[in-house]
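Okay, structure first, notes after.
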Amino acid sequence: MEGVKINSPEYCRISGHTFGFPPKSIEYFVKCWDMEQKGEDVSKLKKGKLGINCSGFMFVIHIDIFVEDIMWMWETYKHPEAVKYETFIRYKKDYFYVKFGDVEYLIQVENEIRERMATDTEGVI
């Protein structure tokens, strides 16, 4: 971290990888962070934002990388304790609970959230 400015996009990227967050979610967060720091409009990126609690990790994710990154989490963190708990997905005030490794239901949740997003005028959690 020598020479890396605290709270810079690179700082967030390195920290995210160090702490074990999903790679694409890290890039999504870093892009939003960078745009906000520059005063750019991030509303399009935030429209697809979801809150996640998976295997003890809490993070934000975009709907377009949602299934892929949750599957990455399940594959990466197969600890016996982690598999006992559901993954929590939050969209606005709604919570969805998916059993560890249940890809079929995860895809159903993605489709349901996409349907809600299509008719939602606010779109941010």
| request: Might you check whether a residue that is assigned to a helix (DSSP H, G or I), loosely packed, with under 14 Cβ neighbours inside 10 Å and without any contact (Cβ under 8 Å) to a residue 24 or more places away in the chain occurs anywhere in the stretch 27-34? | output: no
| request: Within the stretch 9-26, track down each residue that is open to solvent by less than 40 Å² (accessible area, probe 1.4 Å), among the hydroxyl-bearing types (Ser, Thr, Tyr) and free of Cβ contacts under 8 Å to residues at least 24 places away in the same chain. | output: Ser15
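The values are calculated or read from the model by the stated rules, or taken from the named source; none is laboratory data. Note that the coordinates shown come from a computational prediction; the quantities given were computed from them, not determined experimentally. Note that we place each Cβ from the backbone using ideal geometry, even for glycine, and neighbour counts take in every protein chain shown. All accessible areas refer to the heavy atoms of the entire protein, side chains included, with ligands and DNA or RNA removed. Shrake-Rupley method; radii C 1.70, N 1.55, O 1.52, S 1.80 Å.
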